[in-house]
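The values are calculated or read from the model by the stated rules, or taken from the named source; none is laboratory data. None of these values were measured; they are calculated from a predicted model. As a convention, Cβ positions derive from the backbone with ideal geometry for all residues, glycine included, and neighbour counts pool all protein chains shown.
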Amino acid sequence: MLTTGFRARDGAGGAGPGRAPEVLVLLCSVGAAAATVAQPFALGRTLDLLLRDGGADGAVGRWLALTAVLLLGELLLDSLTSLFTGRCNAGWTASVRSRAFDGLLRAVPERAGPFTPGDVGTRLTLNAADAGGAPAARAALAASVVTPVGALVALAVVDVWVAACVLAGLPALALVLRTFARDTGASVAAYQNTQSQIASRLLEALEGAATIAAAGTVARERARILAPLEELAALGRRMWALHGRALGRSGVLVPLLTLAATAVGGLRLASGALSVGELLAVCRYAQLTAGVGGAASLLGAVVRGREAHNRTLALAGMPTLDYGTRRLPPAGPGDLELRGVRVVRDGRQVLRVDGVRVEGGTTVAVVGRSGAGKSVLAAVAGRLIDPDEGHVLLDGVRLDRLAREALRTEVAYAFERPAPAEGTVAEAVAAGPRRVSPEQVREACRAAGADGFVRRLPSGYDTPLSTAPLSGGEHQRLGLARAFAHAGRLLIMDDATSSLDTATEHEVDRALRHSVRPGTRLVVAHRPSVAARADLVIWLEDGGVRAVAPHHELWHTADYRAVFGAGGTEVTAPRADTTHRPEPEGVRR
């Protein structure tokens, strides 16, 4: 991401582009405010000298030159403030986005589930931009106090009575700003949440565009997507009303204070306590002091940025997995063991597995009805999530004690819907923790049944993946190829062959046994043919392990056949291909 001159630090704990841009905004803003405060005094002094001797004294020229310098200095500092504000906004926006994006990718996958794509997109775009503008707005708001405070001090130096008159009206202005900040915060938070709802519904509709068109429900979907728009409009009107009310109230108070200060200054002029130049100065200082009400816009930006910052960095604060420092023993076979594993979600136990041990080199199928806990078991077995109780061991080492590199190098995953990747087809397959050669990429594609259609692409393996005309099944085969290329001691396939036809699935299974690096295979299965080709089956029911046995033994149980939708009286197990199939050295539970 562009930082426009300021590099954001990586990681959720990064400190952003530092305070330098914000300090520069503050210094330039304060400098411009100081020049603004000094101008009335210099201009009044020049006027008094002109009225006294008609400008014959050389001091008039010097004071006039000083006034011009102050004016030019104010213009220059205002320009620098705008420049540094842009850089500050860009740097902090990039920092907030980077931290949120990094936190999202590092988070435990299931913890990111509640954040819909539309919500995430809103947080990383609109909210991040508002959050990135908050530091500069804070600096400008702090500097905006310098002008009224400095003007009040200067006013007291010129004439304390006029200063007392203006000071009496400042609490009313402060009350206006306080009320504005309090009411705006709640409205901004609600507005940003409603924006996310609309974005989420829109993305959902885009994903199901074909279904919507086929069902003829365009009007209903449009109404559903735009349903929160009325609330969004109401919240927007409320924010504008709050802003307008604050400006309106300050707009009434400022002229009143200026008028009162002018009246008191006029009386002081009539009594001889003030000169004409000093009267000019006190009138201008009264305007500047009362101008504290103009900080409402900056205050609104700070409040909006604060709420946006909280929303965006909620992504950075999601729970992550802590890794240990241990390594796996060299040349381990991939023994997998689950001891007292228990996973609870929303007070409900979704998985309990105890005493299940799979010998290295074994292919084990995980079967069960929808919601039985198959994907949870697959996630726990490779440590995408940690169990609430118990431990998972690979070759005798607890997964939560392994270093990140040691774990991710030896545990590979293949999913039903592989994540899209950038670059060419070859680069997408090679992406992972291991260094994979071009020949290994081709071997993995052949094992996954992908080599044929990849070679038919316009540039073969060098075809950009984003432009490759691939079907869902072909994308799935590339995901399998990537998993095969990086397979270590444990390969977990979570419904990774669901889009393949039976013949291709059979070929993939044969290649998995003979062409992919040997190791333990954990396969989430929905077809009896997949379970039949496995050495062992873990049968889950209501989150618990009902049985661990070969498929042909379990097939005699009616409840097991019902998992696959087979008839209750069918007792013949599907034929499995046992060619070159190694017998498991030992499995037990």
**Study point:** Selection within the stretch 368-390 - closer than 17 Å to ASP335 by Cβ and either in contact with a Gly (Cβ under 7 Å, 6 or more places away or on another chain) or of a type in the set (Phe, Trp, Tyr) (or both)
**Key:** GLY390
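So if I check each of ALA430, ALA483, ALA447, which one is among the aliphatic types (A, V, I, L, M), in the same structural domain as LEU377 (by TED's automatic domain parsing), closer than 30 Å to SER370 by Cα and within 28 Å of the chain's Cα centre (by Cα)?
On the way: ALA430 fails: closer than 30 Å to SER370 by Cα; ALA447 fails: within 28 Å of the chain's Cα centre (by Cα).
Selected residue: ALA483, the only one of ALA430, ALA483, ALA447 that is among the aliphatic types (A, V, I, L, M), in the same structural domain as LEU377 (by TED's automatic domain parsing), closer than 30 Å to SER370 by Cα and within 28 Å of the chain's Cα centre (by Cα).
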Practice item. Determine which single condition ASP388 fails, assuming it passes every other condition in (1) in contact (Cβ under 8 Å) with a residue 60 or more places away in the chain; (2) farther than 24 Å from ARG510 by Cα; (3) not hydrophobic (A, V, I, L, M, F, W, C). Key: (1)
Check your understanding: Across the stretch 284-308, what is the total count of residues that are at pLDDT 80 or above and among the hydrophobic types (A, V, I, L, M, F, W, C)?
Key -> 4
Review point. For the stretch 455-481, what are the residues that are assigned to a helix (DSSP H, G or I), more than 15 Å from GLU505 (Cβ to Cβ) and small (Gly, Ala, Ser)?
Key: GLY460, SER466
Check your understanding: Across the stretch 345-366, which residue is surrounded by the fewest Cβ atoms within 10 Å (Cβ to Cβ) among those that are among the basic types (Lys, Arg) and closer than 16 Å to VAL392 by Cβ?
Key -> ARG357
Study note, to complete from the structure: The condition from (1) under 29 Å from SER370 (Cα atoms); (2) without any contact (Cβ under 8 Å) to a residue 40 or more places away in the chain; (3) in contact with a helix residue (DSSP H, G or I) (Cβ under 6 Å, 6 or more places away or on another chain) that ILE492 misses is numbered (2)
Exercise for review: Identify, from the list ARG245, ARG311, ARG326, the residue that is modelled with pLDDT of 80 or more, within 17 Å of SER187 (Cβ to Cβ) and either among the charged types (D, E, K, R) or not assigned by TED's automatic domain parsing to the domain that holds VAL149 (or both).
Suggested key: ARG311
Point to revise | Yes/no for GLY340 being surrounded by fewer than 18 Cβ atoms within 10 Å (Cβ to Cβ), out of contact with any helix residue (DSSP H, G or I) (no Cβ under 6 Å at 6 or more places or on another chain) and of a type outside the set (Ser, Thr, Tyr) | key: yes
Review point. Which of the residues belonging to the stretch 308-338 are of a type outside the set (A, V, I, L, M, F, W, C) and over 27 Å from ALA112 (Cα atoms)?
Key: ARG326, ARG327, PRO329, PRO330, GLY332, PRO333, GLY334, ASP335, GLU337
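One residue is enough: does the stretch 468-488 have a residue meeting the conditions touching a helix residue (DSSP H, G or I) at 6+ places or on another chain (Cβ under 7 Å) and more than 30 Å from LEU394 (Cα to Cα)?
We begin by selecting, within the stretch 468-488, every residue touching a helix residue (DSSP H, G or I) at 6+ places or on another chain (Cβ under 7 Å); these are 468, 474, 478, 480-482, 484-485, 488.
This time we only want the ones that are more than 30 Å from LEU394 (Cα to Cα), so: 468, 474.
So far as the stretch 468-488 goes, yes, one or more of its residues are touching a helix residue (DSSP H, G or I) at 6+ places or on another chain (Cβ under 7 Å) and more than 30 Å from LEU394 (Cα to Cα).
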Practice item. Pairs only if they're at least six apart or on different chains, beta carbon under 8 angstrom, first in the stretch 349-365 and assigned by TED's automatic domain parsing to the domain that holds ASP494, second polar (S, T, N, Q); list them, first residue then second. Key: VAL358/THR520; GLU359/THR520; GLY360/THR520; GLY361/THR520; THR362/THR520; THR363/THR520; VAL364/THR520
Revision key, fill the gap. Residue count, the stretch 193-224, condition of a type outside the set (A, V, I, L, M), part of a helix (DSSP H, G or I) and over 22 Å from the mean Cα position of the chain (by Cα), comes to 5
Check your understanding: Quick one: what pairs do we get from the stretch 148-159, first residue free of Cβ contacts under 8 Å to residues at least 12 places away in the same chain and in the same structural domain as GLY277 (by TED's automatic domain parsing), second surrounded by fewer than 16 Cβ atoms within 10 Å (Cβ to Cβ) and assigned to a helix (DSSP H, G or I), C-beta under 9 Å, 6+ apart or different chains?
Key -> ALA156/ALA164; ALA156/LEU167
Check your understanding: Out of ARG489, ARG442, ARG477, which single residue is closer than 22 Å to THR409 by Cβ, basic (Lys, Arg) and either in contact with a Gly (Cβ under 8 Å, 6 or more places away or on another chain) or not assigned by TED's automatic domain parsing to the domain that holds ARG561 (or both)?
Key -> ARG489
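Just to be sure, is THR184 of a type in the set (Val, Ile, Thr), more than 30 Å from GLY31 (Cβ to Cβ), at pLDDT below 80 and in a helix (DSSP H, G or I)? Even if it seems obvious, please write down each step before you answer.
On the way: of a type in the set (Val, Ile, Thr): yes; more than 30 Å from GLY31 (Cβ to Cβ): no; at pLDDT below 80: yes; in a helix (DSSP H, G or I): yes.
Judged against the criteria, THR184 is not a match.
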Practice item. Give the residue that is nearest to THR320 (Cα to Cα), with candidates limited to residues of the stretch 379-406 that are in contact with an Asp or Glu (Cβ under 9 Å, 6 or more places away or on another chain) and part of a helix (DSSP H, G or I). Key: ASP400
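Listed here are the residues, each with its yes/no results for (1) at pLDDT below 75; (2) touching a helix residue (DSSP H, G or I) at 6+ places or on another chain (Cβ under 6 Å).
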site	(1), (2)
THR497	yes, yes
ASP501	yes, no
THR504	yes, no
GLY519	no, no
VAL524	no, yes
ALA531	no, yes
VAL537	no, yes
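One line per residue, one yes/no per condition, for (1) buried (at least 19 other Cβ atoms within 10 Å of the Cβ); (2) at positive phi; (3) free of Cβ contacts under 8 Å to residues at least 40 places away in the same chain:
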| position | (1), (2), (3) |
| --- | --- |
| GLU443 | yes, no, no |
| ARG455 | no, no, yes |
| GLY460 | no, yes, yes |
| LEU478 | yes, no, no |
| ALA496 | yes, no, no |
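Is there a residue being without any contact (Cβ under 8 Å) to a residue 24 or more places away in the chain and either buried (at least 19 other Cβ atoms within 10 Å of the Cβ) or assigned by TED's automatic domain parsing to the domain that holds ALA468 (or both) anywhere in the stretch 400-408? Full working, then the answer.
In the first step, residues of the stretch 400-408 are kept if they are without any contact (Cβ under 8 Å) to a residue 24 or more places away in the chain; the result is none.
Within the stretch 400-408 (the criterion being without any contact (Cβ under 8 Å) to a residue 24 or more places away in the chain and either buried (at least 19 other Cβ atoms within 10 Å of the Cβ) or assigned by TED's automatic domain parsing to the domain that holds ALA468 (or both)), the answer is no, since none of the residues qualifies.
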